[in-house]
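Q: One structure, pasted below without further comment.
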2 protein chains.
Amino acid sequence: METKKIAVMQKLLKANDAVAEGIRSELREKNVFFVNLMSSPGSGKTTLVEETVRRLGKRIKVVEGDIQTTLDAERLQKLGIQAYQINTGPFGGDCHLEAAWIRAAIDELGLDGMDYLFVENIGNLVCPAEFDVGAHLNVLLLSVTEGEDKPLKYPLAFQVSQLCLVTKTDFLPLRNFSLQKLRGNIRQVNPACAVIEVSAHSGAGMESWIEILKNRPNFQS
Amino acid sequence: METKKIAVMQKLLKANDAVAEGIRSELREKNVFFVNLMSSPGSGKTTLVEETVRRLGKRIKVVEGDIQTTLDAERLQKLGIQAYQINTGPFGGDCHLEAAWIRAAIDELGLDGMDYLFVENIGNLVCPAEFDVGAHLNVLLLSVTEGEDKPLKYPLAFQVSQLCLVTKTDFLPLRNFSLQKLRGNIRQVNPACAVIEVSAHSGAGMESWIEILKNRPNFQS
């Protein structure tokens, strides 16, 4: 029973990976840099995207993943950018996004007038990490109020990411949160993961984030 | 394909529900009140349990759910209570706990010297809500830093819960967080869900929480 379940899962993941690779190479050809944002619920993905649009300009399109509601897409549309909402509710409340759904969203949004594609994955530190969506850069957001132990408890999400953004650093003075301990825990599960601290609220660290987006790491194969 | 997937899922859930009902009635007979704690990663489940043990005493046993690590069980064992860790990592990093695993953990912990059983579910607002673990009280923790929109975006987790604990209220002065808006959103998805605000950090609201545990709602069938 368990063996069969694993075999089916491997087949699904293999099919997903092929679609993801197709997205990655097509967007590279079209010079669109694709960033996949993953985090727990409420770590600040939408607020980060809002601040990124204000700093980087409007040649950004966004795919929003949520179980229910179009709240996040509406927030972004107010900034004058195109945002496409995927609701997984009708599919049993799926806890992740798959490459095929991103493919459909890209077809809907179109590739014109676009230098960057952002995907806000479902708020979840477990399931999204198992599905490649075809991004050039996987980014893991962790807010300081979530605690330093999260890389050890949810290692896969940190292992598939090339960058970790430690968000809501304006809360730091209120709690006994150790950035040093967090960095040590990230290094333990993924030594290659870059880490920067940001607060979309105060603006601290946002320049480093924008710089990374402009440099487009991993974009040239 | 989709139909078959749903049929298999329904069969799994039905089998799970039968085990959950067995746990619920056995614990009621033995006068053990079973509380299932669900939340995003880092909403403060372990800290709440620590503070609950300090106030309610040591006749509490805890089952800890995590993908990896025994960090949380170790924190609780330091308080002199029995804590059993379930790591779902070996099962493909499963994103929820099932009733059969709770059954095995209870057999391991034993029912003697115990008035309360707490389960800390996997940090995830999606998957745990789909699996009844046999609790008498499902509690959803939401920290104020996660935002008021979460009940609308993750409705099922709020719909299966009888109580919502709004945690980390000591952060409230720092942000434009509206408790009124949050309560309205919870009411919208589950009008029957009770809501109390707590801070394990400052102690605010902890007495109301302990009072609820002493009253054991839904315990008499």
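Since every read-out is calculated from the coordinates, none of them should be taken as a lab result. Worth saying up front: this structure is predicted, and the values here are computed from it rather than measured. Because the Cβ atoms are built from the backbone with ideal geometry, glycine has one as well, and the counts that use them run over all protein chains shown.
Q: Listing B:K45, A:K150 from the residue with the fewest other Cβ atoms within 10 Å to the one with the most, what is the order? Mind showing how you got there, number by number?
A: Details: B:K45 27, A:K150 23.
Ordered by Cβ neighbours within 10 Å, fewest first: A:K150, B:K45.
Q: Below 10 angstrom from the Cβ of A:L56, what's the summed charge of the other residues (Lys, Arg +1; Asp, Glu -1)? Before the final figure, lay out the partial values.
A: Numbers: positive: A:R54, A:R55, A:K58, A:R59, A:K214; negative: A:E51, A:D115.
Charge balance near A:L56 sits at +3.
Q: Give me A:D170, A:D17, A:D112, A:D94 sorted ascending by neighbouring Cβ count inside 10 Å, so fewest comes first. Let's see the in-between values first.
A: On the way: A:D170 17, A:D17 14, A:D112 7, A:D94 21.
Least to most surrounded, the residues fall as A:D112, A:D17, A:D170, A:D94.
Q: Moving on. I'd like the Kirkwood hydrodynamic radius of region B:2-215, using the inverse of the mean 1/r over distinct C-alpha pairs, in Å.
A: Working: mean 1/r = 0.0568 Å⁻¹.
It works out to 17.6 Å.
Q: When N counts the residues of region A:1-125, how does its alpha-carbon radius of gyration compare numerically with 2.2 N^0.38 Å, as a ratio? Could the numbers behind the result be given before it?
A: Working: Rg = 15.3 Å, N = 125, 2.2 N^0.38 = 13.8 Å.
Relative to the 2.2 N^0.38 Å estimate, region A:1-125 comes out at 1.11.
Q: Set the bar at 24 Å for Cα to Cα. Now go through A:K61/B:K168; A:K30/A:K214; A:K14/A:K58; B:K30/B:K61 and name every pair that lies beyond it. Write down the numbers at each step before the final one.
A: Working: A:K61/B:K168 34 Å; A:K30/A:K214 16 Å; A:K14/A:K58 34 Å; B:K30/B:K61 14 Å.
Over 24 Å apart, Cα to Cα: A:K61/B:K168; A:K14/A:K58.
Q: Then there's this: Percent relative contact order of region B:2-215, based on C-alpha pairs within less than 8 angstrom and at least six residues apart?
A: Numbers: 385 pairs, mean separation 50.7, N = 214.
Computed value for region B:2-215: 24 percent relative contact order.
Q: Quick one: what are the phi-derived ³J(HN,Hα) couplings along region B:118-132, Karplus 6.51/-1.76/1.60 with θ = phi - 60°, whole Hz, x for glycine and proline?
A: Rounded to whole hertz, the list is 10, 10, 8, 5, 4, x, 5, 8, 9, 5, x, 5, 7, 10, 5.
Q: Would you order B:T46, B:T167 from fewest to most other beta-carbon atoms within 10 Å of each residue's own beta-carbon? Write out the running numbers ahead of the final one.
A: Working: B:T46 22, B:T167 26.
Lowest to highest Cβ neighbour count: B:T46, B:T167.
Q: Amide H of A:V63: which non-local residues (sequence gap of 5 or more, or other chain) have their own amide H closer than 5 Å, using H built in the peptide plane?
A: Amide H neighbours of A:V63: A:Y84, A:F118, A:V119, A:E120.
Q: What list of ³J(HN,Hα) couplings, whole Hz, do you get for region B:60-70 from phi and the Karplus terms 6.51, -1.76, 1.60, once you set θ to phi - 60° and write x for glycine and proline?
A: 10, 10, 10, 9, 9, x, 8, 5, 9, 6, 10
Q: Here is a follow-up. Go ahead and estimate [θ] at 222 nm for chain B from helices alone: -39,500 (n - 2.57) per DSSP H run with n ≥ 4, summed, over the residue count, rounded to 500.
A: On the way: 8 runs with 88 residues, N = 221.
Mean residue ellipticity, 222 nm, calculated: -12000 deg cm²/dmol.
Q: Right, next: Search the structure for amide H atoms under 5 Å from the amide H of B:V195, placed 1.01 Å from N in the peptide plane, and list their residues when 5 or more places away or on another chain.
A: B:C164
Q: Whose amide H sits under 5 Å from the amide H of A:A204, counting only residues 5 or more places off or on another chain, with H placed in the peptide plane?
A: Hits under the 5 Å cutoff: A:S199.
Q: Mind listing the Cα extents of the protein assembly as shown along all three principal axes, in Å, largest one first?
A: Principal extents (Cα only, largest first): 65, 50, 42 Å.
Q: Applying the Karplus parametrisation 6.51 cos²θ - 1.76 cosθ + 1.60 with θ = phi - 60° to the phi angles of region B:18-31, what ³J(HN,Hα) value in whole Hz is obtained for each residue in order, glycine and proline being reported as x?
A: 5, 5, 4, 4, x, 4, 4, 6, 5, 5, 4, 4, 8, 6
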